[in-house]
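Below is one structure; the comments refer to it alone.
The values are calculated or read from the model by the stated rules, or taken from the named source; none is laboratory data. As the structure is a prediction and not an experimental result, all values here were calculated from the model. Heads up, the Cβs are rebuilt from the backbone with ideal geometry, glycines too, and the neighbour counts pull from every protein chain shown. Accessible surface areas use protein heavy atoms only, side chains included; no ligands, DNA or RNA. Shrake-Rupley method; radii C 1.70, N 1.55, O 1.52, S 1.80 Å.
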Amino acid sequence: MSNKENGFPGKELHALLSGRNRIIVFLVISFSIFLVQAYYGFGYHSFGDESGHDIGGWAIEKGDVLYRDYIDAHGPLVFFTTWLLGKIVGYKYAFLFRLNAVFITLLAAFGLYYASNAPSWRERLLSPALFLGLLGPVWIIQALNMNGYWIFGGDLTVLAGSLLVVPALLDVPVKKWGAVGGGAALALLPFVAYSFLPVTFLFTLCLLVVLCRRASKLSRTDAVYGLAGAFGAFAIFLGWMLVYADLKGFVVYHFINNQFYYAHYIPFSFGAVLKSLRPSVLPENLVQTLAVLTLLIGSLILMVKTRYKLAALIAIAGIFSLDARGGTTFHDGAFVVAALGLVSQMLPVWLDETRYRLSSCAGVLVACSLLVGVHAVSSPFGEDYVQRKRSGFHPFMASHDLIDQKIRQYAHPDERILVLPYNPNVYIEADRLPIKKYHDYLPWEADYAKHPVKGYERDICVDLPKALPPVIYFNNWTVWGLWKPEQFMGCAVQILQTQYGQLPGIPDVYVRKDRLAQ
């Protein structure tokens, strides 16, 4: 008796999931996974580093100069995009700034589509679909949903690689606008974070090695277009910084403060980097393991397909440099995105002659990512899948909790407050900007205060007594369980005890005594 007679439509199901239909099914599933996770990402927990970017864009909009009035250790690109997006969505609903992460990721996916040489639009969509299908399950776990520098660094690396570096290595003609876009991505990477300078340098070196080969299809014209994109992006961004940022302050607070002060507080060693590359089934290492394995797959395909082995090794080293800290949780987000981007571009190249089989291989990879997404615990909040579901959907915005109402009561809308030692979320929840130069104060910033660059002094013991804000939120946090506020900002603690009074029943909110008496 046939399957049809048994009531099991085997042939019909096989026909439905074969050929071009299989590709369409894969595309729909992958895009759906990403869109669903992107939606839920808008309502997941807020994170201090991300809130610092949101506040920075808001402060710039209100006239502050980045790295002079609003000082933060992160690179300027995320503040630029936040300020730009704020022109459209405003600053009332902070969760909307997570659109930055969605936009830059969709742009990277479009780069994969644009760079593809597949004969039909369906097959050109396979690379971006695989990319989004792999990202979707780890989108929230890896904090890629946030308005942070990790997602920018990873997606710009994907754009530079897909539009310029990989086509050059494969002797595929580089498209004019691909060269422009790839060059622009390379130029912008160091403005995301100076730690992305190595990938910019190594990608550029890779292109120079290929360009110097006589038989290479990477032409001088391609190089000119790439340089045009790089210089164009650099000029536009430099123009913005000349108006809205302090260039020397950028060097002081982003590079010097991070490299010579903050670096002493974070574990860094080549041993940690090598250890992070070892496969592990521990929940906190699962996403990193997925990234390493997919990068190995993409790298092997690239090495087999290219004639420029040395140049390819240089490019692969550039991607590995994205995880210079040897992180295995959300801190390695840029590395994760770049690794998934490379395999998404290289898998169709490997299966060029068997494109319908590609959808099956891609489906296996996405299934692996889904499995990782269920079991991994690598977000800043350390929640597993069940806990993430229970946390619910809570878009981040100004709060009406009692604490925030009291802050607004004692600090007028045009007045600024201070949060110590660190909790930028309070500024958004209370709908008040931080005082100039300080939205936090941490041990490495106290170290810098002892040996500041001339003209860029930043010592809370000197500046706070000169202009006491009406409200200080002080949660007495022991930084990373090691450094008590009394150890690195004892002067501020003393000012709280003498110049401020605590609100009854709200121990973290301190109101200046003259304001409290009104």
>> Need the full-extension length gain, residue 387 to residue 491, defined as separation in residues times 0.36 nm minus the C-alpha distance. One decimal, nm.
In response: 33.5 nm
>> Normalised by the empirical 2.2 N^0.38 Å for globular proteins, what value does the Cα Rg of the range 290-332 take?
In response: 1.26
> What value does the range 310-459 have for Rg/Rh, both radii from Cα atoms and Rh as Kirkwood defines it?
Replying inline: 1.13
>> Can you compute the equivalent ellipsoid semi-axes for the range 93-186, i.e. the square root of 5 times each eigenvalue of the Cα gyration tensor, sorted largest first and rounded to whole Å?
In response: 25, 15, 10
>> So, for the chain, what is the accessible surface per residue at a probe of 1.4 Å, expressed in square angstrom?
In response: 44
> P(r) of the range 114-235 in 5 Å steps, Cα pairs, percent per bin?
Replying inline: 2, 11, 19, 21, 18, 16, 9, 3, 1, 0
> Which three extents, in whole angstrom, do the alpha-carbon atoms of the chain cover along their principal axes, largest first?
Replying inline: 87, 64, 44
> What ranking, highest mean first, results for peptides 241-253, 454-466 when packing means the other Cβ atoms within 10 Å averaged over each residue?
Replying inline: 241-253, 454-466
>> Take the residue pairs 275/450; 176/305; 217/275; 87/513; 87/176; 275/454 and return only those whose Cα atoms are more than 29 Å apart.
In response: 275/450; 217/275; 87/513; 87/176; 275/454
>> Cβ neighbours within 10 Å, averaged per peptide: list 71-79, 477-485 in order, most packed at the top.
In response: 71-79, 477-485
> Where does each of 188-197, 219-228, 291-300 land if you order them by average Cβ count within 10 Å, highest first?
Replying inline: 188-197, 291-300, 219-228
>> I'd like the carbon and sulfur percentage of the solvent accessible area for the range 370-502, probe radius 1.4 Å, heavy atoms only, ligands and nucleic acids excluded.
In response: 53
> Cα to Cα, under 15 Å, and not fewer than 8 places away if on the same chain: which aspartates and glutamates meet these conditions relative to residue 466?
Replying inline: 457
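Could you compute Rg(Cα) / (2.2 N^0.38 Å) for the range 404-491, with N its residue count?
1.11
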> Tell me, what is a quarter of the convex hull surface for the C-alpha atoms of the range 163-285, in nm² with one decimal?
Replying inline: 10.7
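Using a cut-off of 12 Å between beta-carbons, work out the net charge of the residues near residue 50 (Lys and Arg +1, Asp and Glu -1, residue 50 not included). Show your work: numbers first, answer last.
Values: positive: 98; negative: 49, 54, 72.
Once all neighbours under 12 Å are counted, the net charge is -2.
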> How big is D for the range 222-291, in µm² s⁻¹ as a whole number, if Stokes-Einstein is applied with the Kirkwood radius of its Cα pairs at 37 °C and 0.692 mPa s?
Replying inline: 203
> Could you work out the helix-only [θ] at 222 nm for the chain, with each DSSP H run of four or more residues adding -39,500 (n - 2.57) and the total divided by the number of residues, to the nearest 500 deg cm²/dmol?
Replying inline: -17500 deg cm²/dmol
> Under the Kirkwood approximation applied to all pairs of distinct alpha-carbon atoms, what is the hydrodynamic radius of the range 336-397 in Å?
Replying inline: 14.2
> Excluding residue 485 itself, what net charge comes from residues whose Cβ is under 14 Å from its Cβ, given Lys and Arg +1 and Asp and Glu -1?
Replying inline: -3
> With the calculation restricted to Cα positions, what are the radius of gyration and Dmax of the range 239-370 in angstrom?
Replying inline: 18.5, 54
>> Quick test of your reading: applying the under-4.7 Å Cβ rule, which cysteines of the chain are isolated?
In response: 206, 212, 361, 368
>> Ignoring ligands, DNA and RNA, please state the percent of accessible area on the range 66-127 from carbon and sulfur, probe 1.4 Å.
In response: 68
> What dipole magnitude, in Debye to the nearest 20, does the chain give about its Cα centre under +1 on Lys/Arg Cβ and -1 on Asp/Glu Cβ?
Replying inline: 1380
